[in-house]
1. Tell me which residues, restricted to the stretch 42-87, are crowded, with 19+ Cβ neighbours inside 10 Å and in contact with a Phe, Trp or Tyr (Cβ under 9 Å, 6 or more places away or on another chain).
2. Please work out which one of (1) closer than 27 Å to E283 by Cα; (2) surrounded by 19 or more Cβ atoms within 10 Å (Cβ to Cβ); (3) out of contact with any Lys or Arg (no Cβ under 7 Å at 6 or more places or on another chain) is the condition D94 fails and give its number.
3. Select the helices (runs of 4 or more DSSP H) contained entirely in the stretch 16-109, then report the ones holding at least 2 residues which are among the β-branched types (V, I, T), under 15 Å from the mean Cα position of the chain (by Cα) and farther than 20 Å from R272 by Cβ.
4. Scan the stretch 103-114 for residues that are in contact (Cβ under 8 Å) with a residue 60 or more places away in the chain and out of contact with any helix residue (DSSP H, G or I) (no Cβ under 6 Å at 6 or more places or on another chain) and jot them down.
5. Go through the stretch 250-291 residue by residue and tally those that are surrounded by 19 or more Cβ atoms within 10 Å (Cβ to Cβ), assigned to a helix (DSSP H, G or I) and touching a residue at least 40 places away in the same chain (Cβ under 8 Å).
6. Name every residue in the stretch 203-232 that is buried (at least 18 other Cβ atoms within 10 Å of the Cβ), small (G, A, S) and closer than 22 Å to T34 by Cα, in order of residue number.
7. Being of a type outside the set (F, W, Y), outside the structural domain of A162 (by TED's automatic domain parsing), touching a Lys or Arg at 6+ places or on another chain (Cβ under 6 Å) and within 26 Å of A233 (Cβ to Cβ) narrows it down to one residue among D21, D76; which is it?
8. Determine if the stretch 302-310 includes at least one residue that is farther than 10 Å from A86 by Cβ and either assigned by TED's automatic domain parsing to the domain that holds R89 or in a helix (DSSP H, G or I) (or both).
Amino acid sequence: MIRSLFILSILLFTSSAWSNDLPIVRLGALAYGTVNWELDTIKNNKLDEKHGFKLEVVPMGGGSASDIAFLGGEIDVMVSDVIWAAAQRAEGRDLKFIPYSTAVGGIMVKADSGINSLKDLADKRIGIAGGPLDKSWLILQAYAKQEGVIDLKLDTKQEFGAPPIMFKAAMTGDIDGVINFWHFQAKAKAAGLKEIISVQNAAKSLGLDPSVPLLGYIVNGQMDDKLSQGLFAASQDAKAMLGSDDAAFEAIRKRMKPKNEAQFEALKAGFRAGIPSSTTVDEEAVDKTLQMMAKLGGPDLVGKATTLPKGMFIIPATQ
């Protein structure tokens with residue numbers, strides 16, 4: 001028994017020392033962001049160590065804080081959208097993109113609002129998480145114009161604000177419709193609100209590919225390729241667990257903070273629906289989306305990136 005305990009202590013010490021010797025990847029994430037569900041899954045199951053690195057999650061106070069920290073070299077990785085990544089790369093900044101999620105929202109209204117289609121939004125108040133250049137808002141505007149039913153910008157009253165504020169305003173009826181981040185939309189749906197049009201369907205009608213992963217891990221291009229590949233692999237392992245194993249979601253239930261079982265199930269389903277179907281990014285489809293965003297948002301949104309910069313996407317080592 002003494003011999004066995006001695007061997008076990010040696011193994012534990014060796015394992016701990018090996019773990020401490022692993023290179024650290026500093027990833028900045030919003031404290032309330034859903035990416036933490038995946039990051040917790042990576043850390044709880046030591047998927048980072050499995051793939052040769054130690055993940056250090058650095059809490060960020062907001063999107064601009066992440067941008068500043070990433071561009072200033074304080075963190076190695078952040079989560080943002082492919083349009084931002086393309087704009088930065090077009091400016092000559094060395095960064096790479098790992099696909100994270102395809103999840104987007106739509107326009108949600110109260111079930112008893114009498115609003116059943118876009119044309120019913122005339123003279124109504126729409127709350128939009130983000131700002132006037134929010135990608136979902138731009139896509140929905142373009143779709144409405146294409147369908148010829150309403151000019152969402154001219155014929156509605158818009159209110160812009162943080163996602164939690166827009167969610168509460170929609171629930172209380174202070175606004176008539178809301179365009180929010182997917183997880184707030186999932187919570188709204190669980191509470192009985194209905195979706196009159198999804199961004200995915202609107203994008204598809206505009207000729208865009210709704211399977212394009214708009215969100216991703218933005219990686220410092222100077223980071224060692226083995227670490228980038230390790231992060232990609234750990235992310236895929238976590239997605240595999242969350243995509244098929246309900247126990248994986250039970251392990252992060254406290255992080256998700258659902259108010260009830262219906263909300264928990266809606267958040268679970270929403271996350272799973274946003275898992276990219278492939279690790280390979282269709283660059284032609286992304287380029288088409290980027291060009292549409294350039295047309296709708298102009299340089300304020302895409303900067304100099306009127307076409308997709310070359311070499312932006314990390315290709316998994318297994319391919």
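1. Result: H51, D76, V77, M78, V79, S80, V82, A85, A86.
2. So the condition that D94 fails would be (2).
3. On the way: elements: 35-44, 47-50, 63-71, 82-90.
Fully inside the stretch 16-109 and qualifying: 82-90.
4. Within the stretch 103-114, the first condition is being in contact (Cβ under 8 Å) with a residue 60 or more places away in the chain, and the residues that meet it are 103-111, 113.
Listed by number, the residues that qualify are I107, V109, K110, A111, S113.
5. Matching residues across the stretch 250-291 total 8.
6. Of everything in the stretch 203-232, those that are buried (at least 18 other Cβ atoms within 10 Å of the Cβ), small (G, A, S) and closer than 22 Å to T34 by Cα turn out to be G216, S228, G230.
7. When all the criteria are applied, what remains is D76.
8. Kept after step one, since they are farther than 10 Å from A86 by Cβ, are these residues of the stretch 302-310: 310.
Narrowing the set further to residues that are either assigned by TED's automatic domain parsing to the domain that holds R89 or in a helix (DSSP H, G or I) (or both) leaves none.
Taking every residue of the stretch 302-310 in turn, none turns out to be farther than 10 Å from A86 by Cβ and either assigned by TED's automatic domain parsing to the domain that holds R89 or in a helix (DSSP H, G or I) (or both).
The values are calculated or read from the model by the stated rules, or taken from the named source; none is laboratory data. It should be emphasised that the depicted structure is a prediction, and the values quoted were computed from it without experimental measurement. Neighbour counts run over all protein chains shown; Cβ positions are idealised from the backbone, glycine included.
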